[in-house]
1. Please work out if Val798 is open to solvent by 20 Å² or more (accessible area, probe 1.4 Å), among the β-branched types (Val, Ile, Thr), out of contact with any Lys or Arg (no Cβ under 7 Å at 6 or more places or on another chain) and modelled with pLDDT of 90 or more.
2. Of the residues that make up the stretch 1351-1370, is at least one touching a Ser or Thr at 6+ places or on another chain (Cβ under 9 Å), of a type in the set (Gly, Ala, Ser) and not in a loop (DSSP other than H, G, I, E, B)?
3. So, restricting to strands (runs of 3 or more DSSP E) that lie completely within the stretch 1146-1238, which ones have at least 2 residues that are under 16 Å from Leu1050 (Cβ atoms), in contact with a strand residue (DSSP E or B) (Cβ under 6 Å, 6 or more places away or on another chain) and in contact (Cβ under 8 Å) with a residue 24 or more places away in the chain?
4. Just give me the residues in the stretch 959-1001 being at pLDDT below 80 and either on the phi > 0 side of the Ramachandran plot or touching a strand residue (DSSP E or B) at 6+ places or on another chain (Cβ under 6 Å) (or both), in sequence order.
5. Here are Ile904, Ile878: which of them is open to solvent by less than 10 Å² (accessible area, probe 1.4 Å), within 23 Å of Ser809 (Cα to Cα) and either modelled with pLDDT under 90 or under 19 Å from the mean Cα position of the chain (by Cα) (or both)?
6. Kindly check whether there is at least one residue in the stretch 1435-1449 that is in a helix (DSSP H, G or I) and open to solvent by less than 60 Å² (accessible area, probe 1.4 Å).
7. Tell me which residues, restricted to the stretch 750-778, are touching a residue at least 12 places away in the same chain (Cβ under 8 Å), farther than 10 Å from Gln732 by Cα and out of contact with any Phe, Trp or Tyr (no Cβ under 6 Å at 6 or more places or on another chain).
8. How many of the residues in the stretch 768-779 are open to solvent by less than 60 Å² (accessible area, probe 1.4 Å) and assigned to a loop (DSSP other than H, G, I, E, B)?
Amino acid sequence: MADRGVDLSALPKEVRDQLAELDLELSEGDITQKGYEKKRTKLLAPYIIQTPGKDPSAPQKRKSDAHSSRYRDRRSRRTHRSGGTRDDRYRSDIHTEAVQAALAKHKEEKMALPMPTKRRSTYVQSPIETRTPPDSSSGSEDETSARRQSSLVAAPPVVSPNLQSPDSWINRSVQGSSTSSSASSTLSHGEGKPQPQSAVTEMLAHSRIENSGPPPDVTAVAPPTRGPRVDLPSNAVVRGMSRGQSRSSMIETADGVPVSSRVSTKIQQLLNTLKRPKRPPLSEFFTDDSEEIVEVPQPDPNTPKPEGRQIIPVKGEPLGVVSNWPPALQAALARWGATQGKSPALTALDITGKPLYTLTYGKLWSRSVKLAYTLLNKLGAKNEQVLKPGDRVALVYPNSDPGMFWVAFYGCLLAEVIPVPIEVPLSRKDAGSSQVGFLLGSCGVGLALTSEICLKGLPKTPTGEILQFKGWPRLKWVVTDSKYLTKPSKDWQPHIPTANTDPAYIEYKASKEGTVMGVAVSKVAMLTHCQALTQACNYCEGETIVNVLDFKKDMGLWHGVLTAVMNRIHTISVPYAVMKACPLSWVQRVHIHKARAALVKCRDLHWAMMAHRDQRDTSLASLRMLIVADGANPWSVSSCDAFLNVFQSHGLKPEVICPCATSPEAMTVAIRRPGVPGAPLPARAILSMGGLSHGVIRVNTEDKNSALTVQDVGHVMPGALMCIVKPDGPPQLCKTDEIGEIVINSRAGGTMYYGLPGVTKNTFEVIPVNASGAPIGEIPFVRSGLLGFVGPGSLIFVVGKNEGLLMVSGRRHNADDLVATALAVEPVKTVYRGRIAVFSVTVFYDERIVIVAEQRPDASEEDSFQWMSRVLQAIDSIHQVGLYCLALVPANTLPKTPLGGIHISDTKQFFLEGNLHPCNILMCPHTCVTNLPKPRQKQPVGVGPASIMVGNLVAGKRIAQASGRDLGMIEDQDLVRKHQYLTEALQWRAQTDPDHVLYVLLNAKGVAVCTATCVQLHKRAEKIAAALTEKGSINTGENVVLLYPPGIDLIASFYGCLYAGCVPVTVRPPHPQNLAATLPTVRMIIDVSKAACILTTQNLTRILRSKEAAATVNIKTWPTIIDTDDLPRRRPPQIYKPPTAEMIAYLDFSVSTTGMLTGVKISHAAVSALCRSIKLQCELYSSRQIAICLDPYCGLGFVLWCLASVYSGHQSILIPPFELESCLSLWLSTLSQYRIRDTFCSYSVMELCTKGLGSQTELLKARGVNLSCVRSCVVIAEERPRLALTHSFSKLFKDLGLSPRAVSTAFGSRVNLAICLQGTTGPDPSTVYVDMKSLRHDRVRLVERGAPQSLPLMESGKILPGVRVIIVNPETRGPLGDSHLGEIWVNSPHSASGYYTIYGEESLQADHFNTKLSFGDPQTLWARTGYLGFVKRTELLDASGDRHDALFVVGSLDETLELRGLRYHPIDIETSVSRAHRSIAESAVFTWTNLLVVVSELCGSEQDALDLVPLITNVVLEEHHLIVGVVVIVDPGVIPINSRGEKQRMHLRDSFLADQLDPIYVAYNM
């Protein structure tokens, strides 16, 4: 080929277009291969780069044109792989060409699919080569391919032109080693935009990816353990930008650099692939309806409909009567045993394929009689009969021992007990083991027959007893080797009655769901079936047949064991194990024994072809019938053709190939009769896949890619009657051009599912009806489970099985067809031994197709991903159906059936449970989920206030507002003075009650390390105030940062600042082990607050000035640092008193959950109002004790820690939360020890106790911990109450006496630190259940507990005294009615005065702190909390006797995700995700460019990582009707959580986009 040196992407556009046109002509067959090459060479000639030392005209191996691989196949000489590597035995060439053509067609619109990102360390599956540097990769690949080429041996080139060479596909791996570098670089690391590419490289862009070095190392960034809880603002966003601005700035990384990392490029690729309109646009309709909204695709008017007349039942030829046919099968055995005792019945082979023993008819008869006698008379003690005729007995024999099985089977028939052959159980964990137990149970089996060797091999318990297998009934095991059998007495003869309708044996069958049922075959059916097979196959006495099939069931049993004995045939049994070792063994047996018939599957044909050149002189001329048991499979045609092609030269005649169709229920449905030499072979049907998916037969004309070629399976069996009926619904007869289920009426079929009368009726007693619904006759038919039609000349064609039927959006697809297509996408490099499973799972009201394949151990990531993306296209192109999920699992890990196939129902179960452990996965929900509800269009807000008011009143709704009780007037002027300013309150307490202990600080051992009385606190505050004025030369009104660990120093320095007239700003100190993450936040608050000075401890002073700190921030520019540990005893000249209560008392800085740093100003008036409100609500006075275990740096936590005690005089026991890390039970044992009635904690403390102490309640009880004293335990938070956590906490510690009513929550926000707090009086918090679908539409619909899609919400505590809340529509700013969702607005004397920002944007402050309603009550000033919620009037009464109004918080407005026009709260999606799999520890969601990103922490082993991807996608689709765009699996502790235990989702998002998460796996859903 002449394009070796040409970079196709560099050619001028017109040349590229001409090349594409040439390719098209060749694919349409308008030009010969030779002409194509000539023209192509001419076109490329001017652009060829001459390689020194090479003759440019010499044909070169084509490198980058995978597109032409299918033309190469036609030319490729017949070559074979040397050595015994037969991972291609299952190979089918059925429509490799069609698939290649379909893939080629895709190249025009091809886009690069983003490859999933995988952490290298985990999966050692990828070979070393993937890490070779890019320059060497092409060289190394060429050498290996050259070596491989030399190891291939050419065979004579006999290939008929229309027949693809059966193993040309092997060569493809040699010829297609492309290194299209222009394509690959854009993919593997995703930097930059793809360059323009030619059509061919474009197609390759996503398919071959060159081995480009190791991926950038991102492992050194985040420490994997969840470090200290850090407040991480996402990127220096300070409240003061409008909400809109802060959003847009988030797409920068933490350093403020715009993102152009690997992750975002991949997401861009993903978006590009999603932009292509995949399906016709959905029809429009109004969806704002609370009913279940699923888009129902409108029927396409062009759907093909059946047009033929109603089918007429097809009759088989009459079953001839032969005078000497036996009255029962046992009679035939008796006859041959007596008259032809020396003639061979069965030859068994050893593992090398050599004959092991031959059983004669005489031996078979005598041993079977011995066994029958033993079974009936010798199993129990004297005179005790263990088995009676009609009992069921399990037969457990390995495939390598047919002789023992034959004896056992006929012994049971002679004893008139019913044999149930099953597979040998290998371990307790066998695939489907419990289902076999179900079969044994439903058949009432209590006894199992087996051989001595087999019994020794069964798994045993340590005491030597046979293991009790999962789900099996208790069995008694009987060994049937001859030496253990008793010879019957002379007068004993087995009873052989004429065949009747009693069951003769039971054959097991697995249903689509995996249930194993037993099909009972009556004695007369067994006999009639043998007669019908004898007539159809023309068996003669004394013939020899070779049987490769399993002799325990199906064709292997019917031909090789039953019909063989009836006709005195010699059977040569070739076990599966021999086939694995020597695939030609069956061909050699035919040759050696001059066998007349052979029973095989397509698999055996393949294996023989692969190995056939080892045998020059085998002859198959003796065969008159080669029965292909799975002749109904979609790939059987090409297997038969290819086999004939290879072995015709070995004497194989074309007319001897006899495909047949069978099912356990109907037994043999149809079989092709052996043909007359020279007669024309039956025609094939070439059907349109599109037609098949609609259940109609259309000869394929338009698109040859989506054609299915099927061969007939011959005619109906003698004596049978067949119809085709609709597979679902009533059994209505089909039209002649319609595909339906084959039903059979015949004496030779199964009679029932043993022990399951309910299921039996629908299968074995079907009476077909005509179009009007009237039954066509009296006779019952049996459903065969096969789908097919009757072709010309009454030939039967089968196109699939019921159990492989996948119904997707009303169209039928056959699992086998999909497997065939996937196999045709050159799986050589990727799929291990062609092991592919296809099944469907039901997600969001439709079936979704899943393909799971085993990956070769040496397959590289790129090969696998390329194969997966090509399978997607091939299936989309050929079957017009989208795949939902494509997974590759390590070789040999899928559950196996006894003969080594894939156990589909177990695989499906593993997939749904998350136990499949894939090593590669590709989910494509965007392309295949087409029934999502239409996105909601928001109505424009143009409604006037009048109509809203009238509307509310007409509806009889009350406005949704609620308020706490009045703060009441303070009569005593003295108290007013005392409480006007906290500084005065402290001085007053220091004078009036100096030795009253206000604060006790505990350490991890529960020991009080520090206490503060009123006077001590006052004195320490004075010292600090003096230091500030002297050392820091601070002016009144300047800001001072307090940097302290939780403790009393923090409190003292706070009052010191107030005494000195400066404004304190409390800041959480940096974590010494994690300065890089925590110090920048400290620095930022210091900078933003323009602090003039820092008060801190000696320890922290050292840290701030250390080398480690210098690595993170500039330490030279710290403001003055004052170490307050050893200050001299000084008093300030005077204690500052603010001129008015509106002056700022302190600044409260906090990082919101959206990652924004917000500082609010709190005035002196607000401080005293808030303290008074809390005092009233919680009934706090000086004789009280409360325990506080939360962080004291912001919000209500700070108020309770530093302010409330000084105001109310109660004693606060302070427990720093970090002490719980070294002693989990510290908080609870303190409550018990001090008999605390009221305690305050944070969610993170509650979670620590729940997770860490949940299992130790007994231990705590023993240590005397008793929580019955606690009457209120309040969780301080600024979020929706975490119901699950508070419930489990209450439940767990109920045993320690904790009252279930004690636990409640508080609610605050940035604009108002405390809106709700449960307090001591008032009704218990109420819980309601709301409908999540309505919530997405901003409506509240209350439902009953346990309703589907319901969400429990708990009231956030009682509204504090002096606080009023109202629910407002955030868009119109008008008040809403009761039980409507809106923004919570608050009016109260303790609201913050405004944001403290360096920008000072007045408009924003006015908007959030002083807002008026657009109508209703336009005078009151409200503050906007930024939270959505609703008010609901309950049946409970409050203290004043009125009905109580409960406030329910739903979530922060900033955090909500707007997707498909609906509003989602991240916590709801996260709750669903966390339920999806036991290994998900924590999860967080955010959106990026309209894609939903789910980040999940994996707490299990890393091999579970990829199991989570489909489960997360499923659960979000099912419960939230959303398609997940990206799933990121990370280590525990990666999701950042702030000090209040809230997830910092925006920070996580920035880390993800900046590629700093070091994820275990990132899956980009297509």
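1. no
2. Among the residues of the stretch 1351-1370, not one is touching a Ser or Thr at 6+ places or on another chain (Cβ under 9 Å), of a type in the set (Gly, Ala, Ser) and not in a loop (DSSP other than H, G, I, E, B), which makes the answer no.
3. In the stretch 1146-1238, the matching strands (runs of 3 or more DSSP E) lie at 1185-1189, 1211-1214.
4. Result: Gly968, single match.
5. Result: Ile878 is the single residue among Ile904, Ile878 that is open to solvent by less than 10 Å² (accessible area, probe 1.4 Å), within 23 Å of Ser809 (Cα to Cα) and either modelled with pLDDT under 90 or under 19 Å from the mean Cα position of the chain (by Cα) (or both).
6. No.
7. Once the filter is applied, which keeps residues that are touching a residue at least 12 places away in the same chain (Cβ under 8 Å), farther than 10 Å from Gln732 by Cα and out of contact with any Phe, Trp or Tyr (no Cβ under 6 Å at 6 or more places or on another chain), the stretch 750-778 yields Gly750, Thr751, Tyr753, Tyr754, Gly755, Leu756, Asn762, Thr763, Phe764, Glu765.
8. Residues in the stretch 768-779 being open to solvent by less than 60 Å² (accessible area, probe 1.4 Å) and assigned to a loop (DSSP other than H, G, I, E, B): 5 in total.
The values are calculated or read from the model by the stated rules, or taken from the named source; none is laboratory data. As the structure is a computational prediction, the values presented were derived from the model and not from experiment. All Cβ positions, glycine included, derive from the backbone under ideal geometry; neighbour counts span all protein chains shown. These accessible areas exclude ligands, DNA and RNA; they are computed on the full protein's heavy atoms, side chains included. Shrake-Rupley method; radii C 1.70, N 1.55, O 1.52, S 1.80 Å.
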